[in-house]
Amino acid sequence: MMAGAYDWTDDMLKVKSMQKKFRDSFSGPEINPARWEVAATGGGIALTVADGAVTISTGTTLDDELTLTSRTSFTIPLRVMVAVNMSQRIVGQSVWLELVSIDPTTAQPNGRNAAAWRLDGASPTLANYEVQNEAAPRLATTSASTIPTTAPTGWSVLEIEPTNDECWFHGRLMDTTAARSNSYVRHQQIPEPNALYRFRIRVRNRQVINGIS
């Protein structure tokens, strides 16, 4: 049987449904293993789920790291939205909200392409954004950019929106009628549009901070 809407040259359907959707409101008592792959280095970081939120307690052990990686993979263009609240911002603790490319055979991150928000440093209203293309070093902002607050009194919604020709990073307050308050864009070193991606939350107690030991 030959499908009339199939393009054999590009190996794709000419008429397709809307792109894959993924959402997790963390309404259960624990991480859903069908949705997330959880990995940890060291034993000083703890994770709990309650009241529709994932709480990650970083502890104090240097180089401990915890990651939550979506089981679902995605293709560009796409949009990621994450609501973030941090009880404190401490120099030496870093949180990445990142799209990372994966090996198509193993489905594991391959370190070749990425688009990420990086939250570190002591200010609750600053963050860096990063892009990576084909295993080149990540291109990060030289100084932190303004975002809505991540302080305990407020929540930020941070967005990553890569397309074929640019990659946007947005910020807004959660559950308000206000529009995006901060938007930034990269046109160079943006992620490869033909790769597969998984979304990853990565939390680390860093021994090296922004290149300074």
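Across all directions of projection, what mean area in square nanometres is found for the Cα convex hull of the chain? All intermediate terms of the calculation are to be shown ahead of the outcome.
Details: hull surface 56.5 nm².
Its Cα hull, projected and averaged over all orientations, spans 14.1 nm².
Note the full-extension length gain between Thr75 and Thr142 as 0.36 nm times their separation in residues minus their Cα-Cα distance, in nm to one decimal.
Values: separation 67, 0.36 × 67 = 24.12 nm, distance 2.80 nm.
Result: 21.3 nm gained on full extension.
Segment Tyr184..Ser57, full-extension length gain: 42.8 nm, with 0.36 nm per residue of separation and the alpha-carbon distance subtracted.
Every read-out reported here was derived from the displayed coordinates using simple, explicitly stated rules and does not represent laboratory data. Just so it is clear, the model here is predicted, and its values are computed rather than measured.
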